[in-house]
1. Among the residues of region 160-207, which ones are part of a strand (DSSP E or B), crowded, with 20+ Cβ neighbours inside 10 Å and among the hydroxyl-bearing types (Ser, Thr, Tyr)?
2. When only residues in region 104-125 that are among the small types (Gly, Ala, Ser) and part of a loop (DSSP other than H, G, I, E, B) count, which is surrounded by the fewest Cβ atoms within 10 Å (Cβ to Cβ)?
3. Pairs under 9 Å by beta carbon, first residue in the same structural domain as residue 126 (by TED's automatic domain parsing) in region 162-179, partner at pLDDT below 90 and in a strand (DSSP E or B), six or more apart or different chains?
4. Do any residues in region 16-33 that are assigned to a helix (DSSP H, G or I) have Cβ atoms under 8 Å from those of residues that are modelled with pLDDT under 75 and of a type in the set (S, T, N, Q), where the two are at least six apart or on different chains, and which pairs are they?
5. For region 265-284, indicate whether the set of residues that are modelled with pLDDT under 90, in a helix (DSSP H, G or I), farther than 18 Å from residue 175 by Cα and charged (D, E, K, R) is non-empty.
6. For region 145-161, which residues satisfy the criterion of being among the polar types (S, T, N, Q) and either farther than 20 Å from residue 117 by Cα or outside the structural domain of residue 80 (by TED's automatic domain parsing) (or both)?
7. Conditions: (1) surrounded by fewer than 20 Cβ atoms within 10 Å (Cβ to Cβ); (2) in a loop (DSSP other than H, G, I, E, B). Residue 210 meets all but one. Number of the miss?
Amino acid sequence: MRPINIFLPVYLVGLFMVGLWPFDFGIRRTENHVRWLQGQEGIRIPPGGMVRTEMPPRNLYQAMTEANALTIETVIRTDHHRQGGPARIVSYSMGTRACNFTLGQEKDSLVFRLRTGKSDVNGLPSVNVPGVFVTDEPLHIAATYDGSSARLYVNGRLLKEQSYMGGDLQNWNDSCFLVLGNEITGNRPWQGEIHCLALYDRTLGNGEIFRHYSMVRRGGRPLNRAEPGLLALYTFEEGKGKYLFDKSRAGGSSPLYIPPEFRVSNTVFPMSPFHDVMGYLDLRDLLVNILGFLPLAVLVYLVYYRRLKSFLLVGIVALALGLAVSLSVEIVQTYSMQRWALTLDTLYNVSGTVLGFLGLFIYHRFMRTES
């Protein structure tokens, strides 16, 4: 065995070590403590709870992006005003770094994040209303977007408006899950009760929202099943079981599922933001991921060229190794408590492998010309 041959496996092991540091990965599962309320319609979400769709609800994505408008309407009661993160009440997201919208609680403030062409992939900057969660009484909350402005309502009153002039919903991600009381990754828990959730592909007006609040105050449901633009209506009237079904007249939205347990991590699966690369672009991350894979083609050439006797085969082997190592690292990173799994990193890694091979090819041709 030639001494040079040892460098390739050492290098590959080094890539794994760097990619998986600080080795905090593991399957951390927690029991789901969500319970149905007795004597009333709703669920209670204690610490360590989650309700979610089993698959990304593509009908919400399609309808809301086409309409470039939405309304989220819910009736909730918080357990206390010390929750933060923000703690997720309703989130249409794929982790703490990427959402289409999030309705949450940060201490006593109501927080609304909306992903548009004028905000980042996590809906920042958010719309915040302080002094909302200062009571243990149920609250009727609505968040709307009309293509230019987001508005937040509490108990029928408009409390905050924020402009997104020129922003639209075309940069939404159709891989997001609809989640109540947490993030899909299980690490942004909210504690309280949820009694109703309605989602629309239009903007409800001030009068409509006040009328819905008035119905709640009188002890009724905030709306009927045939409201115009109603995409999903979860009334929590099932009272038992693992599923909450869409009760709107359209009835086309995915049921919500109460899993018996869920995994806690930073990412559920490697995120794939290829359609909005600029939103995830980090220069330091890009350089580290590209430079780390530059030497791969050179090492494959030194080890295998005599055996393969083909420069093209050297490139194919290098590319296959680079892709295999990168995908393996990203998949294992989904079990990390601190690292983020991004398929964009695989794109960087493969780019580094290709650039290294091109540099080697140019050098090889130059040396042959010189000789």
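The values are calculated or read from the model by the stated rules, or taken from the named source; none is laboratory data. Here the structure is a predicted model, which means the values were calculated and not measured. So basically every Cβ, Gly included, is an ideal-geometry build from the backbone, and we count neighbours across all protein chains shown.
1. 200
2. The residue in question is 117.
3. Every condition considered, the pairs that remain are 173/271; 175/271.
4. Hits for this filter: 20/336.
5. Residues of region 265-284 modelled with pLDDT under 90: 265-284.
Of the ones still in play, those that are also in a helix (DSSP H, G or I) are 274-280, 283-284.
If we keep only those that are farther than 18 Å from residue 175 by Cα as well, we get 283-284.
Restricting the remaining residues to those that are charged (D, E, K, R) gives 284.
Looking through region 265-284, at least one residue is modelled with pLDDT under 90, in a helix (DSSP H, G or I), farther than 18 Å from residue 175 by Cα and charged (D, E, K, R).
6. Taking region 145-161 first, the residues among the polar types (S, T, N, Q) are 148-149, 155.
Scanning region 145-161 gives a single hit, 155.
7. For residue 210, the failing item is (2).
Here is a yes/no grid of residues against (1) in a helix (DSSP H, G or I); (2) of a type in the set (A, V, I, L, M); (3) touching a Cys at 6+ places or on another chain (Cβ under 8 Å); (4) in the same structural domain as residue 243 (by TED's automatic domain parsing):
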position	(1), (2), (3), (4)
40	no, no, no, yes
49	no, no, no, yes
55	no, yes, no, yes
62	yes, no, no, yes
73	no, no, yes, yes
76	no, yes, no, yes
81	no, no, no, yes
